[in-house]
Amino acid sequence: MNLRPARHELGITAELTELAKVRSWVRSVLGGFPAGVVTTAVMVVDELTSNALRHGRAPYHVRLLPGVAKLRIEVDDASGESARRRAPSDQGGRGLLLVERCAAAWGQLRRPGGKTLWAELATDPGAHG
């Protein structure tokens, strides 16, 4: 039996118009999940991706790694600068706060050539995250 989790990856350009493509892709990949999980995943992916596009550098990759009890979302960019929460203002600063509220866990990993922001969502409708 193959227990290897599914892995879905999408490369995107630096255009902010790519966000609509990413949201549609997430809905398509997660079509069999509960509606609440899909809605939350779309919101979290949108925030992590827009953060990468605004503050990171190309190339950009978005990954969905659905598992039995959780969904891991990863967004890569080539900037070595750490993502950080900022005080909310008219120019933004709410994205990572939103991710923190929606995700069971989130963080970032430095890697050669950039960083990966990740978030994990509970996929069990009875779980809280």
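Just a few scattered comments:
- For the chain, dividing the convex hull volume of the Cα atoms by the residue count gives 113 Å³ per residue.
- Potential extension, Ser82-Ala58 segment - 0.36 nm per residue separation minus Cα distance: 7.1 nm
- The gain in end-to-end length when the His8 to Arg101 segment is fully stretched comes to 31.1 nm, 0.36 nm per residue minus the alpha carbon separation.
- Taking Lys and Arg as +1 and Asp and Glu as -1, the other residues whose beta-carbon sits under 14 Å from that of Arg111 total 0.
FYI, it's all coordinate maths here, none of it is from the lab. None of the values given here were measured: they were computed from a predicted structure. Backbone-built Cβ (ideal geometry, glycine too); neighbour counts: all protein chains shown.
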